Amino acid sequence: MTQAQPIYSQPDATGHFGQFGGRFMPEALVAPLDELARAWTEAKADPAFTAELDRMLREYANVPSPLYEAHRFSEAAGARILLKREDLNHTGAHKIRNVIGQALLAKRIGKPRAIAETGAGQHGVASATACAYLDLECTVYMGEVDTERQALNVARMKMLGAEVVSVTSGSRTLKDAINEALRDWVASVDTTSYLFGTAAGPHPFPSMVRDLTRGIGDEARRQVLELDGRLPDAAVACVGGGSNAIGLFTAFIDDADVRLVGIEAGGDGVASGRHAATITGGDVGVLHGARSFLLQDEDGQTLDSHSISAGLDYPGVGPEHSFLADTGRASYVPATDAEAMSAFDLLCKTEGIIPAIESAHALAGALDLAKELGPDATILVNLSGRGDKDVHTAAEYFGLIDEPVVLEQGVEE
Amino acid sequence: MTSASPASPVDELFERTRSQGRAALVGYLPAGFPTKETSIRAIEAMVEGGVDLVEIGLPYSDPVMDGPVIQAAAEQALAAGSRTTDVFDVVRATAATGVPTVVMTYWNPVERYGVERFAADLAGAGGSGLITPDLIPDEAGPWIEASGTHDLDRIFLVAPSSTDERLAMTVDAASGFVYATAVMGVTGAREQTSSLGEELVARVRAVSDKPVGVGLGVSNGAQAHEIAAYADAVIVGSALVRCLLDAPDETAGIEAVRALARDLRAGVERN
C-alpha cells in the first residue's frame with residue numbers, strides 16, 4: 001500500500017461508515033440525537049469550548065499521558081514495544097477523556113442530569129467523577145451480575161455522588177444496562193444527557209466518542225515522532241466497544257504504512273463459542289442503534305458474550321471498527337483469556353506495571369505481532385487502563401488467593 | 001416509493017371504523033408467549049373480545065422501547081424457544097379470524113431473516129404490515145422496497161419530540177396508519193394518559209389524513225374512550241400482556257384478555 005490514498009473522512013453526515021453505523025433508534029430519540037450532533041459540531045468548532053476541555057484534561061485528568069519504552073518487556077517480546085500510558089490518567093483509564101468531554105457538552109446544552117451505563121464499572125466511575133467535578137446529577141445503570149461481582153466500583157460511584165441502578169432484565173450485564181439507560185433517556189431527554197461509554201451506539205455517539213478519545217493517538221503519534229523521528233510499524237489496542245482503539249487508530253489511519261491491529265476478547269477461544277470477539281466471530285446486524293458486527297444467533301437474537309475481562313464483555317462493537325475491518329485498513333484478531341493473562345503476568349514481572357486485563361489483551365496481541373515483525377519493529381501499544389481493579393480476578397486466576405472473587409472490575413473498552 | 005397500491009386490509013378497516021364514527025381498537029400480544037399455542041388462543045380471545053386489528057410482537061432480546069411487562073413476556077417466549085418462523089404461524093392463525101394482522105418487531109430479526117424473505121413470508125401468512133419501533137424511514141430503504149413489492153403496510157412511529165419536518169417525512173413514508181407514541185417513555189400501562197397524545201395527533205392531521213393510532217399507557221376502557229375522542233385507533237399492549245403474565249393459569253389469563261378487550265371495545269364505541 002504505497003500509493004497515495006484519499007484522506008480519510010468518516011462518517012458521512014448521517015453517521016454511516018460505509019454500510020455500518022447509522023441510527024436504528026426509536027423516533028422519540030431522533031430529535032435529541034440530532035440536537036446532540038448539532039451541539040457537538042458547534043462545540044468542537046468553538047475555541048472557548050475546546051480550550052476549556054483541554055484545560056480540564058490537562059489540569060484534572062493528567063493528560064497528555066506519557067509514552068514509555070518498555071525495555072524489559074521488549075526484550076522478552078522480541079520487538080520494541082512502546083506503551084501509551086493511559087493507565088496514568090485520573091480514574092485510571094482512557095475513559096476520563098470521553099466522559100469529561102461529554103459532561104462538558106451536557107453543561108453547554110443546559111442538561112442538569114447525566115445518565116451512563118457501565119459493565120465493569122470504569123465508565124460509571126469516570127462518569128460519576130466528571131459529574132461531581134462539573135456539578136451534574138448522575139445516574140449509572142449497571143447489570144445486576146456486574147454490581148455483584150464489582151462491588152468496589154459501585155461503592156466508588158456512590159462515594160462520588162452517583163445513583164447506581166441495578167438492572168435485572170435480560171442477561172443482567174452491560175448490554176442490558178445500555179437498554180435500561182436508553183429507556184431512561186426516552187423518558188427524560190429534556191433534562192438528561194446520555195454519557196455513552198464507548199464508540200458505539202447511534203449517530204453521533206461513535207464519531208463523538210472517537211473525537212473525544214483521538215487525543216490518545218494524536219499524542220502518541222507526536223511522542224513517537226519526537227522519540228524516533230519516524231512512525232511506529234504497528235499500533236495495537238484492545239477492542240470491546242472500541243473507544244480506546246479508535247482513539248489510538250484515528251491518528252494513523254492516513255499513514256498507510258502503520259499497521260492498525262485491534263485485539264478482541266477471545267475468551268475460551270472463538271471456536272468454543274465462549275468469547276467476545278465480535279468482528280472475528282460475529283456477523284453484521286443491528287444492535288443499540290447502529291449496524292455493525294455483533295454476536296447473534298440465526299434469528300438475530302443477541303448472544304451472550306464471555307471474557308475474563310468484564311470490560312471487553314460486550315456482544316457488539318463500534319461501527320467504525322467494522323468499517324475499518326471491512327475495508328482492510330485495520331485488522332482484528334482475538335486473544336484468549338489465557339493469552340491475555342500470560343501477557344498480563346509478563347508486564348507485571350518485567351516492568352512493574354499491573355495492567356488492566358483489557359489492556360493485557362492488547363499486550364498479548366503485541367507479543368504475537370512481535371514474532372511476526374521481528375526485532376527491528378516498533379510496536380505502539382495502548383495501555384488503556386491500570387489493573388488495580390483487576391487484582392482479585394488476576395490473583396484468583398494465578399491461584400494467589402483461596403477465597404472466591406468478590407471484586408472484579410474492568411476498563412470496559 | 002410505490003403509489004396507488006390497492007387498499008390494504010388495514011385501509012379497509014379504517015374506512016369502516018371512520019364511517020361508523022368510532023376509533024378502531026388495536027391489541028398487542030407477543031407471539032410465543034407463554035407458548036405458541038397459548039399465544040394463538042389468547043389472540044383469538046382478544047379478537048372475540050372486540051379487537052379490530054391485531055399487532056403481534058416478535059420477541060426480541062433487546063427491546064429498548066418496551067417496559068418491564070413486555071420485556072418479561074419476550075424473555076419468557078425466547079426462553080421457551082420461540083423463533084422467527086413461529087411468528088408467521090401465529091400471523092396465519094390470527095389472520096384466519098378475519099381481522100387485519102400486523103407484526104411489531106425490532107429491526108435486527110428482520111434483517112437477519114432477510115428483508116425480502118421476511119416480507120414475502122409475512123405476506124404469505126396473511127399479514128398486512130409491520131410496525132418498526134427502531135426503524136425510522138431514514139434507514140428503511142430496503143424495507144420500503146420489499147413492503148412495496150408485497151403490498152405490506154409500513155407503520156412508522158411519530159413521537160412528541162418529532163420535529164415538524166421529521167413528522168411530515170415520517171407520515172409521508174407510512175402506510176396503513178401512523179403510530180403516535182403519546183408519551184415520552186417506554187411501553188407500559190399508566191394511571192393517566194398523556195395530553196401529549198392529542199397534540200401529536202393534531203400535528204399529524206395538519207399534514208395528512210392517514211389514520212393515526214395512539215399507544216403507550218392505555219389500560220382500561222375509560223382511557224380508551226378518552227383517546228378514541230381524538231384518534232383513529234387506540235393501541236393497547238402492556239395491559240393485555242399483563243393479563244397473561246399475572247394470571248394463575250393460562251385459562252384464567254385468556255379469559256382476562258377477553259374481558260379486557262371487551263372493556264376496551266366498549267370504551268372506543270361509547271359516544
When segment B:114-153 is checked residue by residue, the ones that are small (Gly, Ala, Ser) and part of a helix (DSSP H, G or I) are B:Ala119, B:Ala120, B:Ala123, B:Gly124, B:Gly141, B:Ala146, B:Ser147, B:Gly148
Could you count how many residues in segment A:212-229 are in contact with a helix residue (DSSP H, G or I) (Cβ under 8 Å, 6 or more places away or on another chain) and not acidic (Asp, Glu)? 8
Within segment B:224-233, identify whether any single residue is under 19 Å from B:Gly49 (Cα atoms), assigned to a helix (DSSP H, G or I), modelled with pLDDT of 95 or more and open to solvent by 10 Å² or more (accessible area, probe 1.4 Å), and answer yes or no. yes
Being within 14 Å of another protein chain (Cβ to nearest Cβ) and open to solvent by 10 Å² or more (accessible area, probe 1.4 Å) is the filter; apply it to segment A:33-63 and report the residue that is modelled with the lowest pLDDT. A:Glu35
Going through segment A:187-206 one residue at a time, which ones are among the small types (Gly, Ala, Ser) and buried (at least 24 other Cβ atoms within 10 Å of the Cβ)? A:Ser193, A:Gly197, A:Ala199, A:Ala200, A:Gly201
When you scan segment A:374-400, how many residues do you find that are assigned to a helix (DSSP H, G or I) and open to solvent by 60 Å² or more (accessible area, probe 1.4 Å)? 5
Do you know which residues across segment B:154-177 are within 14 Å of another protein chain (Cβ to nearest Cβ), surrounded by 22 or more Cβ atoms within 10 Å (Cβ to Cβ) and in a loop (DSSP other than H, G, I, E, B)? B:Phe156, B:Ala159, B:Ser161, B:Ser162, B:Ala174
Based on what the data block shows, is A:Ala360 of a type in the set (Gly, Ala, Ser), modelled with pLDDT of 95 or more, within 18 Å of A:Cys238 (Cβ to Cβ) and buried (at least 24 other Cβ atoms within 10 Å of the Cβ)? yes
Test set (1) outside the structural domain of A:Trp40 (by the TED database); (2) in contact with a Leu (Cβ under 8 Å, 6 or more places away or on another chain) - A:Val189 fails condition number: (1)
Pair list, Cβ < 7 Å and 6+ apart or interchain, from segment B:133-146 residues that are more than 7 Å from chain A (Cβ to nearest Cβ) and open to solvent by less than 40 Å² (accessible area, probe 1.4 Å) to residues that are in a loop (DSSP other than H, G, I, E, B) and at pLDDT below 95: B:Ile144/B:Met1
Among the residues of segment A:136-155, count how many are closer than 15 Å to A:Asp390 by Cα and in a strand (DSSP E or B). 1
Looking at segment B:76-109, which of its residues are closer than 20 Å to B:Tyr179 by Cβ, outside any helix (DSSP H, G or I) and within 11 Å of chain A (Cβ to nearest Cβ)? B:Thr105, B:Tyr106
For a quick check of your reading of the model, give me the residue pairs whose first member lies in segment A:286-306 and is within 7 Å of chain B (Cβ to nearest Cβ), whose second is charged (D, E, K, R) and open to solvent by 20 Å² or more (accessible area, probe 1.4 Å), with beta-carbon atoms closer than 7 Å and at least 6 apart or on different chains. A:Val286/B:Glu111; A:Gln296/A:Asp283; A:Gln296/B:Arg112; A:Asp299/B:Arg83; A:Asp299/B:Arg112; A:Gly300/B:Glu111; A:Gly300/B:Arg112
A:Asp146 in contact with a Lys or Arg (Cβ under 9 Å, 6 or more places away or on another chain) and open to solvent by 50 Å² or more (accessible area, probe 1.4 Å): no
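Output the residues belonging to segment A:135-173 that are of a type in the set (A, V, I, L, M, F, W, C) and closer than 19 Å to B:Pro63 by Cβ.
Matches in segment A:135-173: A:Val165, A:Val167.
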Reported set for segment A:177-207 where residues are touching a strand residue (DSSP E or B) at 6+ places or on another chain (Cβ under 6 Å), polar (S, T, N, Q) and not in a loop (DSSP other than H, G, I, E, B) is A:Thr192, A:Ser193
Is it the case that some residue within segment A:7-19 is in contact (Cβ under 8 Å) with a residue 60 or more places away in the chain, within 13 Å of another protein chain (Cβ to nearest Cβ) and open to solvent by less than 20 Å² (accessible area, probe 1.4 Å)? yes
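The values are calculated or read from the model by the stated rules, or taken from the named source; none is laboratory data. Owing to the predicted nature of the structure, the values given are computational and were not obtained by experimental measurement. Quick reminder, even Gly has a Cβ in these numbers, built from the backbone with ideal geometry, and neighbours come from all protein chains shown. Keep in mind that these areas ignore ligands, DNA and RNA; they rest on the heavy atoms of the full protein, side chains included. Shrake-Rupley method; radii C 1.70, N 1.55, O 1.52, S 1.80 Å.
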